[in-house]
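Participant: One structure follows; several queries about it will come next.
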Amino acid sequence: MFNLILFGPPGSGKGTQSEKLMAKYGLKHLSTGDLLRSEINRQTPLGNEAQNFMDKGQLVPDEVVIGMISSAVDDNPGIKGFLFDGFPRTKEQAKALDKLLKLKKAPITAMLALEVSEEELIKRLLKRGETSGRSDDDNESVIRARINEYRSKTAVVADYYKQFDKVVMVKGEGTIDEIFARLCKEIDKRA
Ligand code: B4P
């Protein structure tokens, strides 16, 4: 199996690049943001719990997200590999993912980390907020809270994977196609 993590701050282009990567490499895309938004739209108990955190720009509790990913992995046997987007976002989530993949004898191949300046992140998310209908995108203070959550809880996840030599930094500014080409170059070296 070929398992990738697409990593980076909110608005760094994880969702955008994932669409293109899964089409090219035939990986199963698992986005915790998309899974959570689907729970919210269906007004499930998990969705109602998650919405309170997401509306404030906070991370959803680990046990909720880990349970959700664990079921999604089990629901997809025999696939070529996973593209994890927006997960893991804490060290606890990273450890839980390692445990899960160990059972499948299919470790993470690489973590591709998109680097984007804070100014560009805020610009992109406010722009998306004009049309997305996402309540976490249309307010600058919520966007800043999400970036702070990233700095205080999520950035350390890259350090966790660095100890296993799995992290590849990729410049996340430029056109969508330029960034996609940079990501593909790194993936092809490891395929
Ligand atoms: P996510 O859904 O993961 O979303 P994101 O971080 O905001 O965005 P992403 O990086 O995917 O940006 P995108 O490509 O769309 O998370 C939302 C919330 O869910 C979190 O705040 C948290 O509360 C919760 N959550 C999710 N996972 C969790 C977890 N594991 N644990 C706990 N909580 C969790 O790009 C953004 C915009 O930029 C788009 O409009 C796009 O068109 C534009 N763009 C992309 N690339 C561009 C480029 N090269 N140039 C110009 N614009 C570009």
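Participant: Which of Val65, Val170 has the fewest other C-beta atoms within 10 Å, and how do the rest follow up to the most?
Facilitator: Ranking Val65, Val170 by Cβ neighbours within 10 Å, fewest first, gives Val170, Val65.
Participant: Shifting gears a bit: Using a basic spin-label model with each label point 7 Å from the Cα along Cα→Cβ, how many nm lie between Glu19 and Met169?
Facilitator: 2.9 nm
Participant: Report the extension gain between Ser38 and Lys102 in nm, rounded to one decimal, defined as 0.36 nm multiplied by the number of residues separating them, less their alpha carbon distance. Show your work: numbers first, answer last.
Facilitator: Numbers: separation 64, 0.36 × 64 = 23.04 nm, distance 2.78 nm.
My answer for the length gained is 20.3 nm.
Participant: Among the listed pairs Lys56/Lys166; Lys14/Lys162; Lys20/Lys102, which have their C-alpha atoms separated by more than 29 angstrom in this model? All intermediate terms of the calculation are to be shown ahead of the outcome.
Facilitator: Working: Lys56/Lys166 32 Å; Lys14/Lys162 19 Å; Lys20/Lys102 27 Å.
Distance filter (> 29 Å) returns Lys56/Lys166.
Participant: Which whole-number percent is the relative contact order of the chain (Cα, under 8 Å, 6+ apart)?
Facilitator: So the answer I get is 33 percent.
Participant: Here is a further query. Round to the nearest 0.05 the FRET efficiency obtained for Glu186 and Lys80 when R0 = 22 Å and r is the Cβ-Cβ distance.
Facilitator: Numbers: r = 18 Å, r/R0 = 0.81.
So, using R0 = 22 Å, E works out to roughly 0.80.
Participant: Taking a ≥ b ≥ c as the square roots of the eigenvalues of the Cα gyration tensor of the range 47-191, is the shape rounded (a/c under 1.5), prolate (a/b larger than b/c) or oblate?
Facilitator: oblate
Any read-out appearing in this document is the output of simple, stated calculations on the displayed coordinates, not a laboratory observation. Here the structure is a predicted model, which is why all the values come from computation and not from measurement. All Cβ positions, glycine included, derive from the backbone under ideal geometry; neighbour counts span all protein chains shown.
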